[in-house]
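Remarks on the structure that follows.
Values quoted throughout were computed directly from the atomic coordinates according to the rules given, and no laboratory measurement underlies them. Quantities reported herein were computed from a predicted structural model and do not represent experimental measurements. Methodologically, a virtual Cβ is constructed for each residue, glycine included, from the backbone with ideal geometry; neighbour enumeration extends over all protein chains shown.
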Amino acid sequence: MNDIKQGAANLINKVRGESPLVHHITNYVTANDCANMTLSIGGSPIMADAKEEVADIARIASSVVINIGTLNERTIPSMIMAGKVANESGIPVVFDPVGAGASRLRNDTADRIVDEINITVLRGNISEVTYLTGKKAQTKGVDASEHDMQNMSGTVAIAKLLATELECVVAITGAVDIVSDGERTICIKNGNPTLSNITGTGCMCSSLIGAFCGAAPNMPLIATVAALLTMGIAGEIAFSKAGQLGNGSFRTALHDAVSKIDTDTLMRRAKIYEA
Amino acid sequence: MNDIKQGAANLINKVRGESPLVHHITNYVTANDCANMTLSIGGSPIMADAKEEVADIARIASSVVINIGTLNERTIPSMIMAGKVANESGIPVVFDPVGAGASRLRNDTADRIVDEINITVLRGNISEVTYLTGKKAQTKGVDASEHDMQNMSGTVAIAKLLATELECVVAITGAVDIVSDGERTICIKNGNPTLSNITGTGCMCSSLIGAFCGAAPNMPLIATVAALLTMGIAGEIAFSKAGQLGNGSFRTALHDAVSKIDTDTLMRRAKIYEA
Amino acid sequence: MNDIKQGAANLINKVRGESPLVHHITNYVTANDCANMTLSIGGSPIMADAKEEVADIARIASSVVINIGTLNERTIPSMIMAGKVANESGIPVVFDPVGAGASRLRNDTADRIVDEINITVLRGNISEVTYLTGKKAQTKGVDASEHDMQNMSGTVAIAKLLATELECVVAITGAVDIVSDGERTICIKNGNPTLSNITGTGCMCSSLIGAFCGAAPNMPLIATVAALLTMGIAGEIAFSKAGQLGNGSFRTALHDAVSKIDTDTLMRRAKIYEA
């Protein structure tokens, strides 16, 4: 595991040195938080969702983040187009299937995105990822073997299964974050429950993944671990500084902590193990 | 009045226990604040405004909040559809007619919403509510009697009149908040003028009403009082902690105070009387 | 220079006294920050971008701010219409060509706006303004003379050139802010590098310009200097208070500082000179 931890920690300086341009097609609820998080880790955010320009923007970007939080008929074609251009350009695509399972539009769009685009990293909560796994398992005959299911926690099994099926990195965030590329599966025990009391921490994780992947396009597993360690450790620091004050102060402290995180802090505080 | 005050104070624990899903069709200016306020009081926000999915989302929600702050041709039909589905499902609909009176589009949309949807709670400032009252008074022959106008403050008369006409709870927020269901009219004297120095405190009130109504769908008067007491008292607490620092710190402290509010604080600080 | 400095400082009280209504057609990433900044300096923000209502809103506004940060096919016609109505009404138009140069859609839209609307103040970074300058220089045969280029810094030359060409005030913000109306060119040395670590400080500058111009429609040069001095000095104050804490606290302190700025502070701290 030390290779993963050290690799992740080293990426912080790489992001800050390269300042990757992270093209977001995202929702209007957390777009400001996502832009600020991208800046705080050292990346450069650009939000652009008009179908007339997403190809131009994706071509100059280091990575593309597709987040369906407030999807609509205008932005869905933009998501598809940006993803395809990113695939052609060989830059990473991060997909955040916000609310998959909650409406047919979200389900159909999530299905379409994983069908038509080569995703580099898929990040969601257990319910969103399970929707996609069930869909894939049902439609393509893939399943976790009985043996696997008995010997791994369900979440680890789902991450591994979907990573294998989609040939990408799958990250399931929650009390313990699970990151798998199908071969290796990493569990991250950092974080704080207060993270779920403010909006957008999932979206912000996806933006951080976009920034790390933009700086390390050939290391999506390690980049994703770096992003989730950053958010988890920042959540711990923010809670210790401001958790007792309330949600507003916690949120401010979370942005502070990400902007101040460094390699040493990540090495010292990371709690990861291999599943 | 003690029944109202105690009932409102008790609802805080009910919201935190049930975590109602509050479906927002709202503006992009304050959506982040509204989501965070919904979380801070214990609800669960979902923002979704595509006409292809609002019916699905409204069906799984505990309440629907319609806010016309940045309405457009794409979202207006979504507002109507979500409201109708909410009516069919029997869940509360909160309507915030942001800027009614300022443009024909806002006027026409506000008129259409009150005509086509059974609103549970209408919340606006005096100017927005007056627009709707004038419209209703003119078009449907309803008016406050001379006697009423002489014996009640104008704002109380307007709230009572529109509540009777629309058969809903009407909340007019301002230096003193007025809440009426046509039968009972409650005045709330909590709050702080600094609340008007940051954007979205009106929208956030509507989100809080959505959360309280989601947890107490059959008590819209008390739920609305609970929401406005929460914002007013949180404003007082935030001002005492951070008012001298400036608008940024006040805003952070406001979110803190809502996330920390409890039944005891509300009982101790509420300043309400019946008109 | 004392006339400019004193004139700018005096405008703070004028904005606070008149509370100009600033109509924004802007992006969803920083709209909340822009609304809060407009309030913090004493203006009144309204965000409205539906083509069905922008004419109504522009007619009651004191100024219009057009920001193409997340432009799309629906909002571009609204931008043009709002600008034309503002021109007819004789109220100032502030244009922020976010990302001009980065996509053909942004380029074409920026070109169209400067062609079809009489801009009062154009504010951008050096790259955005250079795009427009190059375009104008190429298509209309305007250029900075060899003599000018050798004797002025490039940025000052560009500001002066474009101001002359568009007959407006041009503000190029950066480490040193340059403001020119073609006749006089003012350089502002206030600010702090941390301002570029949070999203939207450029957009917020444009909103402040909108507020100052709304209160002083016939003094766009001084109004623009006042807005940029406000942001620059607030950035210095915020950094001294919260810069070491991180980006979240810096952002909160920036809003605090703008809400607390006054004529004396501006007079005492302004670092401006004429180019």
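Is there a simple number for the mean count of other chain Cβ atoms within 10 Å of the Cβ of residues in A:253-259, and what is it?
Details: counts 5, 2, 9, 10, 4, 3, 9.
Mean shielding by partner chains, rounded to a whole number: 6.
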Run through every distinct alpha carbon pair of the stretch A:2-274 and return the Kirkwood hydrodynamic radius in angstroms, one decimal place. 18.2 Å
Name the residue farthest towards the positive end of the dipole of the protein assembly as shown from the options B:156, A:131, B:267, assuming +1 on Cβ of Lys and Arg, -1 on Cβ of Asp and Glu, about the Cα centre. B:267
What order do you get for B:24, A:255 when you list them from fewest to most C-beta neighbours inside 10 Å? A:255, B:24
For the protein assembly as shown, using Cα atoms only, the Rg and Dmax in Å read 26.3, 82
Treating cross-link reach as a plain straight distance, find the aspartates and glutamates whose alpha-carbon is under 13 Å from the alpha-carbon of residue A:51, omitting any fewer than eight places away in the same chain. A:73, C:73
Which pairs break 28 Å Cα to Cα here: A:241/B:241; A:84/A:160; B:189/C:14; A:189/A:260; C:84/C:271; C:160/C:271? B:189/C:14; C:84/C:271
Arranged by the count of other C-beta atoms within 10 angstrom, fewest first, what order do C:59, A:106 take? C:59, A:106
Report, in debye and to the nearest 20, how large the dipole of the protein assembly as shown comes out about its Cα centre when Lys and Arg carry +1 and Asp and Glu carry -1 on their Cβ. 1600 debye
Using Cβ counts within 10 Å as a stand-in for footprinting exposure, how do A:266, A:122 rank, fewest first? A:266, A:122
R0 of 35 Å, Cβ-Cβ distance residue C:2-residue C:118: FRET efficiency to nearest 0.05: 0.70
What aspartates and glutamates could a cross-link reach from residue A:5, if we take a straight Cα to Cα line under 20 Å and drop same-chain neighbours fewer than 8 places away? A:177, A:181, A:183, A:236, A:262, A:264, A:274
With the dipole of the protein assembly as shown worked out from charges on the C-beta (+1 for Lys and Arg, -1 for Asp and Glu) around the Cα centre, which of C:229, B:166, C:97 lies farthest toward the positive end? C:229
Determine the calculated [θ] at 222 nm for chain B from helices alone, applying -39500 (n - 2.57) to every DSSP H run no shorter than 4 residues and normalising by the residue count; nearest 500 deg cm²/dmol. -18000 deg cm²/dmol
Assigned charges on the beta-carbon of Lys, Arg, Asp, Glu; the stretch A:2-274 dipole about Cα centre (debye): 580 debye
